[in-house]
Amino acid sequence: MRRWSMGAIIMTAAVATVAGAGGDWPQWRGPNRDGVSAETGLLKQWPAGGPPVAWTISGLGKGYGSVALAGDRLFVQGTEGSSSVVFCLRRQDGGKLWSRALGRAVDQDRGGGPRGTPTVDGDVLFALSEAGDLACLRTADGTVVWARNILADFGGRNPTWLISESPLVDGPHVIVTPGGRNAGLAALDKKTGKTVWTTAEVSETAGYSSVVAADVQGVRTYITLTSEAAIGVRAADGKLMWRNAKAANNTANITTPVLFGNKVFVTSAYNTGGLLLQLRAENGEVRADEVYFTRDMMNHHGGVVFVNGYLYGFSNAILTCLEADTGKVQWRDRSVGKGSLTYADGRLYVLGETNTAGLVDASPAGYVERGRFQIADQGWPSWAHPVVAGGRLYLRNQGVLAAHEIAAR
């Protein structure tokens with residue numbers, strides 16, 4: 001057994017080489033921020049007890065964030081003592097390369113620590129802590145390029161269950177949602193951290209969602225869920241172009257919007273539902289017109305993916321498949337219970353918050369499960385989203401991170 005200064009690295013199986021460290025997953029929900037992996041050649045059925053473990057580490061502290069992978073490195077947020085930190089690990093075996101504190105760690109009655117996932121952009125990464133500490137770090141050694149606190153700098157207020165977004169890097173800018181007065185969204189120069197613009201028409205507190213970018217008939221647009229509504233902001237200057245509160249609730253708006261074509265699907269739980277909007281450019285701005293609203297997709301925290309014309313996600317505790325253009329239910333199943341999911345190679349990789357991982361066909365024909373296994377209970381719900389990259393399935397549960405071999409041999 002080897003030890004980090006922060007905990008133990010337990011080698012639980014022979015380590016397989018990550019071929020060229022291929023299959024990067026550089027940010028929240030993957031390369032396109034949509035929860036869809038381009039991986040192929042993966043196991044179509046899991047063996048009893050689940051796919052073999054390449055390695056497992058402990059010592060990440062508290063937190064619900066997922067992992068980012070780029071080249072031979074893995075990045076994940078957690079805690080060390082009283083600090084909220086970013087860890088850099090070797091992708092091959094989970095060995096610690098460096099850690100960097102962003103600021104103080106914060107506890108909460110639903111679990112402490114960071115909720116976000118780092119965003120890798122070339123030789124730097126951007127990470128946002130649960131207390132609003134945003135930093136640009138060198139991926140090589142964690143050196144701080146710049147740092148600022150988005151709550152203090154923009155007059156924002158931390159939401160009840162703490163900041164949970166993962167920064168969006170778009171061209172020369174990094175986009176975050178401070179939720180301050182006249183600063184609903186903010187674009188910062190990614191090289192210096194200086195403010196480029198803020199969305200003056202939006203002053204409500206941030207939700208728990210992360211921003212996505214869309215090109216709508218030539219108009220670059222940022223879309224997210226705030227504490228009060230789904231909004232669309234013009235990337236050029238931060239102008240609010242549209243707002244729709246129908247799929248937002250007054251408790252917690254968490255799910256990242258899902259884009260397909262010139263449409264966006266937004267959803268939340270707490271007896272709310274899902275809303276499909278048709279996006280259309282007009283005179284340099286974007287309009288968002290309702291296509292349908294459905295109560296058959298009340299997604300709490302686990303995300304929704306779009307695959308071949310269908311939407312898959314947990315509607316509360318029921319895994320659900322909807323025809324994307326109409327909202328018509330194709331099937332519903334209790335599966336692993338309420339959880340999160342990622343798509344790869346024809347399958348849904350699902351993780352129930354009660355520590356059950358499963359493999360499910362992504363098909364509108366019906367629910368077909370191809371295996372499941374239990375992960376160790378760490379005392380809090382398993383809320384970190386699964387990641388599929390480089391022939392491996394990564395499952396983070398609080399201080400523990402495991403890499404499973406899922407490539408077909």
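The values are calculated or read from the model by the stated rules, or taken from the named source; none is laboratory data. Nothing here was measured: the structure is a model prediction, and the numbers come from that model. Positions of Cβ are backbone-derived with ideal geometry, glycine not excepted, and every protein chain shown enters the neighbour counts.
Computed quantities for the displayed model
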| item | result |
| --- | --- |
| Tally, over region 190-228, of residues that are of a type in the set (Gly, Ala, Ser), at negative phi, in contact with a strand residue (DSSP E or B) (Cβ under 6 Å, 6 or more places away or on another chain) and assigned to a loop (DSSP other than H, G, I, E, B) | 2 |
| Residue in region 56-72 that is at pLDDT 95 or above, in contact with a His (Cβ under 7 Å, 6 or more places away or on another chain) and not small (Gly, Ala, Ser) present | no |
| Qualifying residue in region 74-81 (condition: under 17 Å from GLY142 (Cβ atoms), in a loop (DSSP other than H, G, I, E, B) and out of contact with any strand residue (DSSP E or B) (no Cβ under 7 Å at 6 or more places or on another chain)) | yes |
| Considering residues of region 318-332 that are under 12 Å from GLY274 (Cβ atoms) and among the hydrophobic types (A, V, I, L, M, F, W, C) only, the residue surrounded by the fewest Cβ atoms within 10 Å (Cβ to Cβ) | VAL329 |
| Residue ID - surrounded by the fewest Cβ atoms within 10 Å (Cβ to Cβ), chosen from residues in region 369-391 that are in a strand (DSSP E or B) and of a type in the set (Gly, Ala, Ser) | GLY371 |
| Single match in LEU259, LEU322 (criterion: within 19 Å of LEU225 (Cα to Cα) and in contact (Cβ under 8 Å) with a residue 12 or more places away in the chain) | LEU259 |
| Tally of residues being charged (D, E, K, R) and either under 20 Å from the mean Cα position of the chain (by Cα) or surrounded by 18 or more Cβ atoms within 10 Å (Cβ to Cβ) (or both) across region 351-368 | 1 |
| Which numbered condition GLY346 misses (of (1) crowded, with 24+ Cβ neighbours inside 10 Å; (2) over 21 Å from ARG396 (Cβ atoms); (3) not polar (S, T, N, Q)) | (1) |
| Positions within region 66-83 being among the small types (Gly, Ala, Ser) and more than 18 Å from the chain's Cα centre (by Cα), in sequence order | GLY71, GLY81, SER82, SER83 |
| In region 106-136, residue farthest from ARG33 (Cα to Cα) [restricted to those that are of a type in the set (A, V, I, L, M) and touching a Pro at 6+ places or on another chain (Cβ under 8 Å)] | LEU134 |
| Any chance ASN250 is surrounded by fewer than 22 Cβ atoms within 10 Å (Cβ to Cβ) and modelled with pLDDT under 95 | yes |
| Flag for GLY132 being of a type in the set (Gly, Ala, Ser), on the phi > 0 side of the Ramachandran plot and in contact (Cβ under 8 Å) with a residue 40 or more places away in the chain | yes |
| Test: LEU134 is touching a His at 6+ places or on another chain (Cβ under 7 Å), buried (at least 24 other Cβ atoms within 10 Å of the Cβ) and not polar (S, T, N, Q) | no |
| Positions within region 268-286 being crowded, with 16+ Cβ neighbours inside 10 Å and among the small types (Gly, Ala, Ser), in sequence order | SER268, ALA269, GLY273, GLY274, ALA281 |
| Test: residue in region 257-267 that is crowded, with 17+ Cβ neighbours inside 10 Å and over 16 Å from VAL212 (Cβ atoms) | no |
| Scan of region 191-220 for residues that are farther than 15 Å from THR177 by Cβ and either buried (at least 16 other Cβ atoms within 10 Å of the Cβ) or of a type outside the set (Ser, Thr, Tyr) (or both), ordered by number | LYS191, GLY193, LYS194, ALA214, ASP215, VAL216, GLN217, GLY218, VAL219, ARG220 |
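For (1) in a loop (DSSP other than H, G, I, E, B); (2) among the basic types (Lys, Arg), each residue gets a yes or a no:
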position	(1), (2)
CYS321	no, no
ARG332	no, yes
SER335	yes, no
THR342	no, no
LEU348	no, no
LEU351	no, no
THR354	yes, no
GLY358	no, no
